[in-house]
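Chemist: Got a structure here, written out as structure tokens. Questions coming.
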Amino acid sequence: NAGVTQTPKFRVLKTGQSMTLLCAQDMNHEYMYWYRQDPGMGLRLIHYSVGEGTTAKGEVPDGYNVSRLKKQNFLLGLESAAPSQTSVYFCASSYDLGLAGGYEQYFGPGTRLTVT
Amino acid sequence: AQSVAQPEDQVNVAEGNPLTVKCTYSVSGNPYLFWYVQYPNRGLQFLLKYITGDNLVKGSYGFEAEFNKSQTSFHLKKPSALVSDSALYFCAVRDIENQGGKLIFGQGTELSVKP
């Protein structure tokens, strides 16, 4: 049971280049999330998904797109990278909340992205 | 609006002393509260949560947290700190006003435990 994995671990892009970050989970979780972490700002939600084939915007969605074609995978795309997107990106997943709402999120190890 | 605040950017504690990392929240209904820890160059690890029930919640690595509804606080505590507890700690509250089970995170508190 690998939990949540992310590829790649590190990446350097030039302004205007594109890339896709892959998140995979093997816990059969319904919900998946993409966050970015910047110093002094905690974690901010970019996009999330409540099930296969569904996605929704989070707090800071501009400049990013996502897809959830398979339940276990959640892809984050940058179409035209900008220096402001230099950050550490974390993927997370959790069980369907139902009426309980109390399931914790499980996080991947992160992807460190630098845009020059 | 829902929010979480961690009023201290950094907490310094001597090994063996008790530690407290503070968290206050603002939500419209009953809160679902979480603590996570992040070691350098790693992802966040779940420590404990409060959903309902006893106000004192016990979690991983000897940590516990006390839910105080009147003070809208959820402080993280440990009776005896270890050097290995040095890390970045995040408090979070579940967004209950919108779909998706999103977490709203505090800005994080850097805990430094010195020998």
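Chemist: Just to confirm the filter: which trypsin sites (Lys or Arg not before Pro) across the range B:16-51 are DSSP coil and have at most 14 other Cβ within 10 angstrom of their Cβ? Please list the in-between numbers first.
Modeler: On the way: sites: B:LYS22, B:ARG42, B:LYS49; in loops: B:LYS22, B:ARG42.
Here the trypsin sites (Lys or Arg not before Pro) that fit, given the DSSP loop and packing criteria, are B:ARG42.
Chemist: Another question, if that's okay. Given +1 on the Cβ of Lys and Arg, -1 on the Cβ of Asp and Glu, and no further charges, what dipole in debye does the range B:53-115 carry about its Cα centre, rounded to the nearest 20?
Modeler: 80 debye
Chemist: To continue, here is another question. Given 5 Å bins starting at zero, what is the percent of C-alpha pairs of the range B:47-115 in each, up to the one with the largest pair distance?
Modeler: Histogramming the range B:47-115 at 5 Å steps yields 3, 14, 21, 25, 19, 10, 4, 2, 0 percent.
Chemist: Here is a further query. Want the number for A:MET19 to A:ASN73: 0.36 nm per residue separation, take away the alpha-carbon distance, what's left? Working shown, then result.
Modeler: Numbers: separation 54, 0.36 × 54 = 19.44 nm, distance 1.60 nm.
Here the answer is 17.8 nm.
Chemist: What's the Kirkwood radius of the range B:1-53 in Å, using all Cα pairs? Could the numbers behind the result be given before it?
Modeler: Values: mean 1/r = 0.0744 Å⁻¹.
The Cα-based Kirkwood calculation yields 13.4 Å.
Chemist: Continuing with the same structure: So, in nm, how far is label A:ASN28 from label A:ALA56 when the simple model puts each one 7 Å beyond its Cα toward the Cβ?
Modeler: 2.4 nm
Chemist: Mind checking the range A:1-100 for trypsin sites (Lys or Arg not before Pro) that DSSP puts in a loop (not H, G, I, E or B) and that have at most 16 other Cβ atoms within 10 Å?
Modeler: Details: sites: A:LYS9, A:ARG11, A:LYS14, A:ARG36, A:ARG44, A:LYS57, A:ARG68, A:LYS70, A:LYS71; in loops: A:LYS9, A:LYS14, A:ARG68, A:LYS70, A:LYS71.
When the trypsin sites (Lys or Arg not before Pro) of the range A:1-100 are filtered for loop state and at most 16 Cβ neighbours within 10 Å, A:LYS9, A:LYS14, A:LYS70, A:LYS71 remain.
Chemist: When only C-alpha pairs under 8 Å and at least 6 residues apart count, what is the relative contact order of chain B, in percent? Kindly include the intermediate steps, with their values, before the conclusion.
Modeler: On the way: 284 pairs, mean separation 42.1, N = 115.
Normalised by residue count, the contact order of chain B is 37 percent.
Chemist: Within 12 Å, Cβ to Cβ, of B:GLN6, how many net charges do the neighbouring residues add up to if Lys/Arg are +1 and Asp/Glu are -1? Don't skip to the answer; put the middle values down first.
Modeler: Values: positive: B:LYS22; negative: B:GLU8, B:ASP9, B:GLU110.
Taking every Cβ under 12 Å from that of B:GLN6, the sum is -2.
Chemist: List, by residue number, every residue in the range B:90-115 with a reduction of 10 Å² or greater in accessible area between the chain on its own and the complete protein assembly, 1.4 Å probe.
Modeler: SASA drop of 10 Å² or more in the range B:90-115: B:PHE90, B:ARG94, B:GLN99, B:GLY100, B:GLY101, B:LYS102, B:LEU103, B:PHE105, B:GLN107.
Chemist: Hey, another quick one. Using a ≥ b ≥ c from the Cα gyration tensor of chain B (square roots of the eigenvalues), is it rounded, prolate or oblate, where a/c under 1.5 gives rounded and otherwise the larger of a/b and b/c decides, a/b for prolate?
Modeler: Values: a/c = 1.96, a/b = 1.61, b/c = 1.22.
It is prolate, given that a/c is not under 1.5 and a/b is the larger ratio.
Chemist: If I stretch the segment between B:GLU110 and B:LYS77 completely, what's the gain in nm (0.36 nm per residue apart, minus their alpha carbon distance), one decimal?
Modeler: Details: separation 33, 0.36 × 33 = 11.88 nm, distance 1.40 nm.
10.5 nm is the gain from fully extending B:GLU110 to B:LYS77.
Chemist: Could I ask something else about it? Could you work out the Rg to Rh ratio of the range A:27-107, with Rh taken as the Kirkwood radius (inverse of the mean 1/r over all Cα pairs)? Write out the running numbers ahead of the final one.
Modeler: Working: Rg = 12.8 Å, Rh = 13.2 Å.
Reported Rg/Rh (Cα atoms, Kirkwood Rh): 0.97.
Chemist: Given a 1.4 Å probe and heavy atoms of the protein chains only, how would you sort A:ILE46, B:ILE104, largest accessible area at the top? Don't jump to the answer; show the numbers that get you there.
Modeler: Details: A:ILE46 0, B:ILE104 40 Å².
Ranking A:ILE46, B:ILE104 by accessible area, largest first, yields B:ILE104, A:ILE46.
Chemist: Enter the mean number of other protein chain beta carbons within 10 Å of the beta carbon of each residue in A:27-37, as an integer.
Modeler: Working: counts 0, 0, 0, 1, 3, 0, 4, 0, 4, 0, 7.
Averaged over the peptide's residues, the number is 2.
Chemist: Stick to the Cα atoms of the protein assembly as shown, pair each with every other, and give me the Kirkwood hydrodynamic radius in Å at one decimal.
Modeler: Hydrodynamic radius (Kirkwood, Cα only) of the protein assembly as shown equals 18.2 Å.
Chemist: Ok, one more. Kindly tabulate the residues in the range A:43-83 with an accessible-area decrease of at least 20 Å² between the chain alone and the assembly of all protein chains, using a probe of 1.4 Å.
Modeler: SASA drop of 20 Å² or more in the range A:43-83: A:LEU43, A:LEU45, A:TYR48, A:VAL50.
Chemist: Can I ask one more? GluC sites (Glu not before Pro) within the range B:21-115: which are DSSP loop residues with at most 13 other Cβ atoms inside 10 Å?
Modeler: Details: sites: B:GLU64, B:GLU66, B:GLU97, B:GLU110; in loops: B:GLU97.
For GluC sites (Glu not before Pro) across the range B:21-115 that sit outside H, G, I, E and B with at most 13 neighbouring Cβ atoms in 10 Å, the list reads B:GLU97.
The values are calculated or read from the model by the stated rules, or taken from the named source; none is laboratory data. The shown structure was predicted, so the numbers you read here are calculated from the model rather than taken from an experiment. Glycine gets a Cβ as well: all are built from the backbone with ideal geometry, and neighbour counts include every protein chain shown. Note: areas computed on protein heavy atoms with side chains; ligands, DNA, RNA excluded. Shrake-Rupley method; radii C 1.70, N 1.55, O 1.52, S 1.80 Å.
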